[in-house]
Structures are given as structure tokens and as C-alpha cells.
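The values are calculated or read from the model by the stated rules, or taken from the named source; none is laboratory data. A quick note: this is a predicted structure, and the numbers were derived from the prediction, not measured. Note: ideal-geometry Cβ built from the backbone for every residue, glycine included; neighbour counts use all protein chains shown.
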Amino acid sequence: MKNTFGTNVLTTIFGESHGPAVGGVLDGLAPGIPVDPETIGKKLALRRPQGAISTSRVEADAFEIVSGVFNGKTTGTPLCVLIPNSNVRSGDYDAVRDLARPGHADYTGFVKYHGFADYRGGGHFSGRVTAALVALGAVAETALELRGIKIGTHISRLADIPDRAFEDLNADIAALSDRPFPVLDGVAAEKMQAAILKAKEDGDSVGGILETAVTGLPAGVGEPWFDSLESLLSHGLFSIPGVKGVEFGDGFALAGMRGSEANDAFVPANGGIATKTNRNGGINGGISNGMPLLFRCAVKPTPSISRPQQTVDLRTGEAAELAIPGRHDPAIVHRARAVCDAVTALVLCDALAGRYGADWLGGTK
């Protein structure tokens, strides 16, 4: 099982939903990057469940940095973070351990790992493991901010309820940075939360679309073909549980335009070059063009629902019916925002280290 991503700055994750801990390792990160436990804790809090619209399983996320940081800064050696699991109820899964939960990885994991995978709460496939990504991503985001690169994500749509579009990108990113429910329009936020609660009342769940903006990214990052910036980001983003679609700029809408509409005209700007529009989301030929990076991720409805569903017993092959017990989210899109920000930061650190060298991120080059 491969759990490492990246070429220059490598991210490794480990742990299971109901195991002793989850954690991660960042290898190849530059020395000298400030590591603030309060910043990491703040990012983890944005991923944490939020009252009635989330699961009742709330973990303290009392993380520990066990290597790679000395006197508050990265040393350049592997940085390892451990996050203990403390609020588990493994008994919730005993009665359904052999029933494949629709929408989950139970069947595929059973086939790949010959029945030896930890079934409790989804084991290593669980969204619980994303806590490690968020902790590591907080360090990566700090490194990017030192270079003037900022990341922000909002729920652009949930259950067919739209948020307003990004306007003043840096102002909107700043506003989202400490907003537990990441929506720019207050009225839309209320409607979305009401839709989540209605789905919960019905024993069901809802999905949504996350939209991410990155400002300050220099032109020239990424490669043509297989390591295009879109390819690298998509690889990382599709690793987030529940993400089933990624599009950049105007994405699929470009297919319905003429070239005269879809092309972004180049114009002189502040002694450099910019584009008049940004339909391509800040990337041309797989390489950043200096415009804001814009992309969206489709997040499916949480597959764990209490309504009866048709399934199969993995051991006997017989048909069965399942109503999933335990504590689950009626929506994960608002919590996935922190994961999306973290993965974006990790991918960009990897790509920037490849472009400028690892020490560039630490400000020593």
C-alpha cells in the first residue's frame, strides 16, 4: 500500500480511524520555516465536526510534533506529526463488519487486502486520516505565506444552494481563514446549514462543490504533459475522500464556448504580463501564468447514512440489507475545506521546490 505523495517535498500519511493514532511525515521540506502549534491547532479546528451539521464523534486532535522542528522552526529533516485517537466506539461496527457499505471502500479494500484490512470506521480509508494532512498542510501553508502565496476555499454550492462568487480574492481568502462554515454570503450559509439538517432528519446526506483560489503564485510553475500543475493538483485533490470531480477555471463550461470566448487575452500589467480574463484558472500548458489559480472540487454526499440500503455479505456473498450504525456526518463538504487547503499547499510546495529548489521555501535561497 503506497501512502506517499510528491517528488521534492514528500507527504506520507499513516494510521486508522479506530487505531491508536493517525499521523504524517513531511520529507524534503526546507529548514527555517516557522512552525506555530497554534496555527496547526487552528487549521485542525476548521476540519473538526461542528455541532448538529456534523458527526458527534469529536476528537481533541491533541497533536504532537515528534521530529523535524527545533526552536520553533523546521530543521530540514523529516517532520513527523502524531495525532492520537481518543473518541472511538469500535463496537458500532461489530454487527456490520462483513457487510459492504454502499459508497465506501469496504468491498474494494476487502479484495485488495484479502480481508485483513481494519474495518472499524473505514480503517485507513477513513476521513479521520485527513487530520494528518491538515496538520502537515498547516506547515506548508506557512511556508507559502512567507513567499506571499495565499490559499482560500469556500463552498460554492451545497445541495443546489449557491454561494456568491469570489470577488476581492485576498479579502475573501482572509475572511474565510477563520470561518468555521466557509461560505461568503451569510444568507446562503443559513440555507445550506438548513439543507444539511433536513438531510440528517431524513437519515440521508448531501454533497457540494468547493472552490479554491490561490493568489501570489509566480508564473512558470509546473511542467508540460505528465507533471502539469493541473495533473499534480488533481492527483492530490482526488486523494481526498469524497472528491469525485476537479475542474480548473471555467472547467467543463469551456466545452460550450467558442475559442474567442474561452481564450484569455494577454495585456500589459504593472510592468509585467497578465490576462484580461481568467477562464483557464491561472494555468496555460500545464504551467502557472501568474494569474490567480482557480479550481473546484465536487464532493459527493457522505456515504454513511442510516436509511436502509441493499448490499452483500463479503464473507458469504449473500444479499443483505444495511442501515449504517454509528456516528456520521450528514455532510462533509464544510470539513473538507480545510483538507482541500492543506492538500493544495502540500502540492504547491512540492512543485515550487522542483522549480526553485527546496531552500526557496525557507527563504534561504
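So, in the range 225-255, of the ones that are in contact with a Lys or Arg (Cβ under 7 Å, 6 or more places away or on another chain) and among the small types (G, A, S), which residue ends up surrounded by the most Cβ atoms within 10 Å (Cβ to Cβ)? Only one residue tops the list, namely G242. Only residues that are over 29 Å from T55 (Cα atoms) and either part of a helix (DSSP H, G or I) or touching a helix residue (DSSP H, G or I) at 6+ places or on another chain (Cβ under 7 Å) (or both) were counted in the range 313-365, giving 16.
To keep it simple, each residue is scored yes or no on (1) surrounded by fewer than 20 Cβ atoms within 10 Å (Cβ to Cβ); (2) touching a residue at least 40 places away in the same chain (Cβ under 8 Å); (3) touching a Lys or Arg at 6+ places or on another chain (Cβ under 6 Å).
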| site | (1), (2), (3) |
| --- | --- |
| M291 | no, no, no |
| F295 | no, yes, no |
| T302 | no, yes, no |
| T316 | yes, yes, no |
| A331 | no, yes, no |
| T344 | no, yes, no |
| V347 | no, yes, no |
| L361 | no, yes, no |
| T364 | yes, yes, no |
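Number of residues in the range 141-162 that are free of Cβ contacts under 8 Å to residues at least 40 places away in the same chain and under 21 Å from G208 (Cβ atoms) equals 3. Listed by first and then second residue, the pairs linking a residue in the range 32-60 that is under 29 Å from N71 (Cβ atoms) to a residue that is part of a strand (DSSP E or B) and of a type in the set (S, T, N, Q), with Cβ atoms under 9 Å apart and 6 or more places separating them unless they lie on different chains, are G32/T74; I33/T74; P34/T74; V35/T74. Applying the criterion of being of a type in the set (D, E, K, R) and in a helix (DSSP H, G or I) to the residues of the range 117-151, the residue that is nearest to L346 (Cα to Cα) is E141. In the set H154, H114, only one residue is touching a strand residue (DSSP E or B) at 6+ places or on another chain (Cβ under 7 Å) and either surrounded by fewer than 21 Cβ atoms within 10 Å (Cβ to Cβ) or assigned to a strand (DSSP E or B) (or both); that residue is H154. Residues in the range 28-83 that are modelled with pLDDT of 95 or more, of a type in the set (S, T, Y) and under 30 Å from P330 (Cα atoms): T39 only.
Scanning the range 1-37 for residues that are in contact with a Pro (Cβ under 8 Å, 6 or more places away or on another chain) and either part of a loop (DSSP other than H, G, I, E, B) or under 24 Å from G109 (Cβ atoms) (or both) gives P20, A21, V25. On inspection, S67 fails the criterion of being among the hydroxyl-bearing types (S, T, Y) and buried (at least 18 other Cβ atoms within 10 Å of the Cβ). Once the range 176-188 is narrowed to residues that are free of Cβ contacts under 8 Å to residues at least 12 places away in the same chain and part of a helix (DSSP H, G or I), the residue that is nearest to the chain's Cα centre (by Cα) is G186.
Please work out if L46 is part of a helix (DSSP H, G or I), touching a Pro at 6+ places or on another chain (Cβ under 8 Å) and under 29 Å from L232 (Cα atoms). Criteria met by L46. For the range 293-309, a residue qualifies if it is at pLDDT below 95 and of a type outside the set (G, A, S), and the qualifying residues are T302, P303, I305, R307, P308, Q309.
Residues that are touching a helix residue (DSSP H, G or I) at 6+ places or on another chain (Cβ under 9 Å): find the strands (runs of 3 or more DSSP E) completely inside the range 216-310 holding 3 or more of those. Passing ranges, in order: 243-248, 293-299.
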